[in-house]
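Single-structure report; data block below.
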Amino acid sequence: MNPEPSPQTPAPGVVRYYSFLPRGGGLLEDVLSGLALPQKSIPPKYFYDEQGCRLFEAICELPEYYLTRTETAILRGNIAEIAQFIGPEAELIEFGSGVQAKTRILIQALQTQLYVPIDIALDTLRASSSELAARFPFLNIVGICADHTQPLALPEFVGVPIQRKAIFFPGSTIGNFTPAEALAFLKQARKAAGPRGVLLIGVDLKKDKATLDAAYADPRGVTAQFNLNLLHRINRELAADFQVKRFRHKAFYDPIMSRIEMHLESLYSQFVHVAGRRFGFAPGETIHTEISCKYSIAEFQELGKRAGFTPEKVWTDPEQLFSVHGMVAA
């Protein structure tokens, strides 16, 4: 399941899958190295096991979590203009495709023939792509199981008319990178888009601290379950011995850094074992699990320019909570 990138001929109604994940224990390596840091950390890409995906879907339904419904409304309300911006016969490439709910809006409007979803969670990728294939029988789908945060050489395809590549990166997932990491990712997206390619990307906007804090620390505790599920996954997959009830979810907006930070905070002095390694926790010590950077429209446009894109379009909601940017590879 690790082919060299080469021309492939997709077929409507048949979902093909390829894996570009490295062989071996990415999770184990990242957990062991992350827990050994002075500020312990685990990459947020590991949130999305089967249970994590279910919990994230529940988060998206929370009234406090405005991001998903606002971005979806922006896409629906401006879909004709967005489709015109992307143009006909585009190869639609989605990084971190997840459940692909927003993608359906684009495919319905574009009537694109080739969709390339990229996700690290193979089970989610298979389930979502199969559902999409049933919904759009004309669609050629080539699912790629890969870590989109790492450089990735995508296959080139033959047999489907393509005029340009369109990179779709919704959900303000770009905020999970530091600005320097976001710049590197956008440069990677620019390379993937190629000549005449476009980028359609969702970006959360700066706003008041109370709104942001509520979105990432909901009173029902769903986001807390999502964060703590990371420890359950490590216990299950790496035979670790985290006592999950001895940790708590902690999330807050840092207005100086313009970002949400999510942590798992140790409630006690304790030791945890992972793959034979012992890690100590002091009371109040945290594992940093996620950031979510917020931008102004001008700040993100400048970032796009530095990555080699020309900002052409911005769509927002009436309250200016969220933005969707359309950029062209320069």
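Quick look at the values:
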item: Fraction of beta bridges assigned by DSSP in the chain that are antiparallel (%, nearest 5); result: 55
item: Per residue accessible area of the chain, 1.4 Å probe, in Å²; result: 43
item: Accessible area of the chain belonging to carbon and sulfur atoms, whole % at 1.4 Å probe; result: 54
item: Hydrodynamic radius of the range 119-195 per Kirkwood, over alpha carbon pairs, in Å; result: 14.4
item: Per-pair calculated FRET efficiency, R0 = 41 Å: Leu267 and Glu181 via Cβ, rounded to 0.05; result: 0.85
item: Global form of the range 54-139, assessed from the alpha-carbon gyration tensor, a/c cut-off 1.5; result: oblate
item: Low-density loop cleavage sites - chymotrypsin sites (Phe, Trp or Tyr not before Pro) in the range 239-268, where at most 13 other Cβ are within 10 Å (DSSP); result: Tyr268
item: Relative contact order (%) - the chain, alpha-carbon pairs under 8 angstrom, separation at least six; result: 22
item: Amide proton proximity set for Phe252, modelled H, under 5 Å, gap of 5+; result: Glu261
item: With DNA, RNA and ligands ignored, accessible area of Arg69 (1.4 Å probe; Å², nearest 10); result: 120
item: Descending Cα extents along the principal axes, the range 119-159, whole Å; result: 31, 27, 10
item: Spin-label pair Glu156/Ile256, simplified geometry with 7 Å Cα→Cβ offset, distance in nm; result: 4.9
item: Reachable lysines from Lys191, criterion Cα separation under 18 angstrom, eight or more residues apart if same chain; result: Lys165, Lys305
item: D_trans [Stokes-Einstein, Kirkwood Rh over alpha-carbon pairs] for the range 125-254, 37 °C, 0.692 mPa s, µm² s⁻¹; result: 177
item: Efficiency of FRET from Cβ geometry, Phe138 and Asp213, R₀ 51 Å, rounded to 0.05; result: 0.70
item: Ratio of the Cα radius of gyration of the chain to 2.2 N^0.38 Å, where N counts its residues; result: 1.00
item: Cross-link partners of Lys294 among aspartates and glutamates (Cα-Cα below 15 Å; sequence separation of 8 or more within a chain); result: Glu71, Glu181, Asp204, Asp208, Asp213, Asp254, Glu261, Glu302
item: Hz values of 3J(HN,Hα) by residue in the range 320-327 - Karplus curve (6.51, -1.76, 1.60), Gly and Pro given as x; result: 6, 7, 9, 9, 10, 9, x, 10
item: Amide H partners (placed H, <5 Å) of Asp218, local residues excluded; result: Thr223, Ala224
item: Extension reserve of the Ala101-Ser296 stretch, reckoned as 0.36 nm per residue once the Cα distance is removed; result: 67.6 nm
item: Cut-off under 5 Å, modelled amide H: who pairs with Gln150 long-range; result: none
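The values are calculated or read from the model by the stated rules, or taken from the named source; none is laboratory data. Everything numeric here is computed off the predicted structure, so don't read it as measured data. Positions of Cβ are backbone-derived with ideal geometry, glycine not excepted, and every protein chain shown enters the neighbour counts. Surface accessibility is based on the protein's heavy atoms, side chains included, excluding ligands, DNA and RNA. Shrake-Rupley method; radii C 1.70, N 1.55, O 1.52, S 1.80 Å.
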